[in-house]
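Visitor: Have a look at this one.
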Amino acid sequence: MYPILVLSITGIITLFLGFLKSKKVLLPATLFFVTLAFLSNFYDWNKPGLYFNNMLQVNNYTILLSAIILLSAFLIIALSKGFIDDEHAQPAEYFAILQFSLVGAIMMTGYQNLIMLFIGVEILSVSMYVLTGSDKRNLRGNEAALKYFLMGSFATGIMLFGIAMLYGANFSFNIEAARTVIIQSQMTGRSVYLFVGVTFLLIGLLFKISAAPFHFWTPDVYEGAPTIFTTFMSTIVKTAGFAAIYRILEVSFSPIYNFWWVMVIIMTVLSLIISNVTAVSQSSFKRMLAFSSISHAGYMLMAVVGLSNKSDDSIVFYSLAYSLATISAFGVLMAVSKEKLVDGRPDESIAVLNGLSKRNPFLAFILAISMLSLAGIPLTAGFWGKFYVFSDAAFRGHTWLLVVAVLMSAVGIYYYFKPIIAAYMKENEGEVISLTPFYKIILGITTFGSILLGLFPDLLRSLM
């Protein structure tokens, strides 16, 4: 609860800081505000409770998810110094919107009421619509923002219809009340409302995590949006979305597992196959990471399909492992792409990474570790993340799903190694890339985290 209060207040303060003549104070101030929210998040550790008229629950699990969201936000914002230097940018507005969006993301991790879920989704979604089109000079970004807004609005309408159907079945927006009604078998004629509500609610939430077949917006939006906001979408939005999906299915609808698991497993398979096969042919590093995001949605859905007492641990671990590796990859892209412009925009192709090991060995190493982690290679956090979600699927006996996931992981290794090959085995006569010490520290933290969790995965799971 406390991060919500902190970020709501500091977001307003950030807007007022925008009136200052100097923009240099905005970045350190925002980092301080996010750090303050991160520290306040642990005030409720081992003190579970309900807040806001029993509409929001706080426990150790929701605290860990919120911590991952806030940590990811800190790392992403720390890489955003380019906004301060761009004379056309309005960093105060950007940083304030990012803080407000974090409020929505945290609401999605611990909602106890479907109204709170809807508010959280909308706060997060509207913020992303605005930030996607924040670069008004970029026509591709404007198109991406419009596409994201239109498709997101339809998804929100579908989700809201599902919430209405669930209320018709349970006469309550409380997610635990829904479980009680289902267990007591009091549905009778209202069963239709329940099943329709579950289906439509899931469709709306699966759109937010870009799971197939609701993924069509992802490549264009990821490519058109400024890279710093693409990083935000691919990590924080995905973490919050999975927290919301798992919570509603585990708390409310686990008694009707036999109804919804078929739908979720079909979307899991589609996400794995479509994304990995399509990513192979991508020449744009940013679009490749977009399809990578879709594939990891499929892997994380395996934990939902497995739905055991360890699934929440798997989602927490996978979210952190994926976030660290993705922030590293986008951080390298932001540093390298600005060195070469194509049609007035940074070059975001895989070819821009050619010869990176000679131009900046540190960035090449960061890139290699991030790609290895995303591919699930041993001794990285990504390996254990996949191991845990595969174990969850095996718990339910979905052996054929494991076969599909392993095959698609092999396909993923092919395209994840393309940037590594470009960095270490191809030549480029580009200039040496220089980084600020702070930028190096942030990328060092994300890479160190990927390696540390790969070597000692129990460090995180011991907290749960």
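Visitor: Based on DSSP H runs of at least 4 residues, each adding -39500 (n - 2.57), what is the mean residue ellipticity at 222 nm of the chain after dividing by all its residues, to the nearest 500 deg cm²/dmol?
Guide: Counting only the DSSP helices, I get -24000 deg cm²/dmol.
Visitor: For the pairs Lys23/Lys340; Lys81/Lys440; Lys81/Lys208; Lys47/Lys310; Lys23/Lys338, note any where the Cα-Cα span goes beyond 18 Å.
Guide: Pairs exceeding 18 Å: Lys23/Lys340; Lys81/Lys208; Lys47/Lys310; Lys23/Lys338.
Visitor: In terms of modelled amide H atoms, which long-range or inter-chain residues lie less than 5 Å from the amide H of Ser80?
Guide: So Ser80 has HN proximity to no qualifying residue.
Visitor: Please list the non-local residues whose amide H lies under 5 Å from the amide H of Ser349, H modeled 1.01 Å from N, same-chain partners needing a gap of 5 or more.
Guide: Distant-sequence amide H within range of Ser349: Phe285.
Visitor: I'd like the trypsin sites (Lys or Arg not before Pro) in the stretch 1-95 restricted to DSSP loop residues with at most 12 other Cβ atoms within 10 Å, sorted by number. List each step's numbers first, then the result.
Guide: On the way: sites: Lys21, Lys23, Lys24, Lys81; in loops: Lys21, Lys23, Lys24, Lys81.
Qualifying residues, ordered by number: Lys21, Lys24.
Visitor: Can you bin the stretch 367-423 into rounded, prolate or oblate? Criterion: square roots of the alpha carbon gyration tensor eigenvalues sorted a ≥ b ≥ c, rounded for a/c under 1.5, prolate for a/b above b/c, oblate for the rest. Numbers along the way, then the final one.
Guide: Details: a/c = 5.09, a/b = 1.94, b/c = 2.63.
It comes out oblate by the Cα gyration axes.
Visitor: Compute the angle between helix 381-395 and the longest alpha-carbon principal axis of the chain, please, reported from 0 to 90 degrees and rounded to the nearest 10.
Guide: Orientation of helix 381-395: about 20 degrees from the principal axis.
Visitor: Provide the per-residue ³J(HN,Hα) series for the stretch 44-52, in order, calculated from phi with Karplus coefficients 6.51, -1.76, 1.60 and θ = phi - 60°, each as a whole number of Hz, with x at glycine and proline positions.
Guide: My calculation for the stretch 44-52 gives 8, 4, 6, 10, x, x, 10, 9, 6 Hz in order.
Visitor: Across the stretch 211-218, in residue order, what do the Karplus-derived ³J(HN,Hα) couplings come to in whole Hz, using 6.51 cos²θ - 1.76 cosθ + 1.60 with θ = phi - 60° and x for Gly and Pro?
Guide: 7, 5, x, 9, 9, 5, 6, 4
Visitor: Given H placed on each backbone N at 1.01 Å, which residues far from Tyr111 in sequence or on other chains put an amide H within less than 5 Å of it?
Guide: Counting only residues 5 or more places away or on other chains, the set is Gln57.
Visitor: Using only Cα atoms, find the angle between the long axis of helix 361-375 and the longest principal axis of the chain, and express it within 0 to 90 degrees, rounded to the nearest 10.
Guide: The angle comes out at about 20 degrees.
Visitor: Continuing with the same structure: Given the Cα atoms of the stretch 2-461, and with Rh set as the inverse mean 1/r over their pairs in the Kirkwood sense, what is Rg to Rh to two decimals?
Guide: Working: Rg = 21.2 Å, Rh = 22.2 Å.
Value, to two decimals: 0.96.
Visitor: Roughly how tilted is helix 2-17, in degrees to the nearest 10 and between 0 and 90, from the longest Cα axis of the chain?
Guide: For helix 2-17, the angle is close to 40 degrees.
Visitor: ³J(HN,Hα) across the stretch 126-138 via Karplus (A = 6.51, B = -1.76, C = 1.60, θ = phi - 60°), whole Hz, x for Gly/Pro?
Guide: So the J values, rounded to whole Hz, are 4, 4, 5, 4, 5, 5, 4, x, 5, 8, 5, 6, 9.
Throughout, read-outs are computed from the coordinates displayed, never taken from laboratory work. Please read these numbers as outputs of a predicted model, since none were measured by experiment. Here Cβ is always computed from backbone atoms with ideal geometry, including for glycine, and neighbour counts include all displayed protein chains.
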